[in-house]
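The values are calculated or read from the model by the stated rules, or taken from the named source; none is laboratory data. Quick caveat, the model's predicted, so the values are computed rather than measured. Note that we place each Cβ from the backbone using ideal geometry, even for glycine, and neighbour counts take in every protein chain shown.
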Amino acid sequence: MSELRIAVILGSTRPGRNGKGVADWVMAQAADREVGYDLVDLADYPLPHLDEAAPPATGAYANDHTKQWSARIAQYDGYIFVTPEYNHSTSGVLKNAIDYLYNEWNNKSAGFVSYGSLGGARAIEHLRGISAELQLADVRQQLSFSLFTDFENYSTFKPGPQHTDAAQALFDQIEAWAGALKTLRT
């Protein structure tokens, strides 16, 4: 399993975002795992609104920002998407970043960590449908954090202790599926 690599994709670039604390917590929970976890912050990949002429499934990328994004995402066996819930869905920046690529996502595992007033559950539901189209195998376990109970003053992330075991279950599922799906790609 040590050869597997999982990206924790921080799906918010908003100033003062709560997602950074959530993503850092996820990374801390994964620190002792045998699998390599990397934080991929969308703030480091300022993708404009989808500006490739060819459909992503062709892999015929014309722009350097797309080629860099593709190279970063292609190296992983699975993904954990950390998403806010904005207007009953995921963030626009995360959806845009996902839409840039196709083959890079195929036959890999996906898990979801969300936050919002209702724990971000509706954002996850939208991401599950998107994942199916991209041939991403989404696992059952998810983490949902409430702005009311898991954040102090709606901004400082302080999750309850019950989330620690749930995070380990998420990692177990992501890693198992990533390992199984890797056999399809090799």
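Of all residue pairs spaced 6 or more apart or on separate chains, those with beta-carbon atoms under 7 Å, a first member in the stretch 108-133 that is touching a residue at least 60 places away in the same chain (Cβ under 8 Å) and more than 17 Å from residue 22 (Cα to Cα) and a second member that is crowded, with 24+ Cβ neighbours inside 10 Å and β-branched (Val, Ile, Thr) are 109/174. Residues that are more than 17 Å from residue 175 (Cβ to Cβ) and charged (D, E, K, R) within the stretch 15-70 comprise 17, 20, 24, 41, 44, 51, 52, 64, 67, listed in sequence order. Within the stretch 132-158, how many residues are touching a helix residue (DSSP H, G or I) at 6+ places or on another chain (Cβ under 9 Å), under 28 Å from residue 105 (Cβ atoms) and either crowded, with 16+ Cβ neighbours inside 10 Å or among the polar types (S, T, N, Q) (or both)? Residues in the stretch 132-158 being touching a helix residue (DSSP H, G or I) at 6+ places or on another chain (Cβ under 9 Å), under 28 Å from residue 105 (Cβ atoms) and either crowded, with 16+ Cβ neighbours inside 10 Å or among the polar types (S, T, N, Q) (or both): 11 in total.
Within the stretch 72-83, being within 14 Å of residue 97 (Cβ to Cβ) and surrounded by fewer than 20 Cβ atoms within 10 Å (Cβ to Cβ) holds for 72, 74. Based on what the data block shows, is residue 176 crowded, with 20+ Cβ neighbours inside 10 Å, among the small types (Gly, Ala, Ser) and over 30 Å from residue 64 (Cβ atoms)? No; evaluated as a whole, the condition is false for this residue.
Within the stretch 19-42, restricting attention to residues that are hydrophobic (A, V, I, L, M, F, W, C) and surrounded by fewer than 14 Cβ atoms within 10 Å (Cβ to Cβ), which residue is nearest to residue 120 (Cα to Cα)?
If we take residues in the stretch 19-42 being hydrophobic (A, V, I, L, M, F, W, C) and surrounded by fewer than 14 Cβ atoms within 10 Å (Cβ to Cβ), then 28 is nearest to residue 120 (Cα to Cα).
Residues in the stretch 104-149 that are of a type outside the set (S, T, N, Q), part of a strand (DSSP E or B) and under 14 Å from the mean Cα position of the chain (by Cα): 108, 110, 111, 112, 113, 115, 136, 137, 138, 139, 143. When we screen 92, 16 for residues that are of a type outside the set (A, V, I, L, M), surrounded by fewer than 17 Cβ atoms within 10 Å (Cβ to Cβ), farther than 24 Å from residue 177 by Cα and at pLDDT below 95, the only hit is 16.
The single residue among 137, 176, 132, 166 that is under 19 Å from residue 7 (Cα atoms), touching a Lys or Arg at 6+ places or on another chain (Cβ under 8 Å) and modelled with pLDDT of 95 or more turns out to be 137. Could you list, in sequence order, all residues of the stretch 100-111 that are surrounded by fewer than 18 Cβ atoms within 10 Å (Cβ to Cβ) and of a type outside the set (S, T, N, Q)? Passing the criteria: only 102. Please determine whether any residue of the stretch 150-157 is in a helix (DSSP H, G or I), touching a residue at least 40 places away in the same chain (Cβ under 8 Å) and touching a Gly at 6+ places or on another chain (Cβ under 9 Å). So far as the stretch 150-157 goes, no, none of its residues is in a helix (DSSP H, G or I), touching a residue at least 40 places away in the same chain (Cβ under 8 Å) and touching a Gly at 6+ places or on another chain (Cβ under 9 Å). Taking residue 97, is it modelled with pLDDT of 95 or more and surrounded by 15 or more Cβ atoms within 10 Å (Cβ to Cβ)? Taking the combined requirement at face value, the residue satisfies it.
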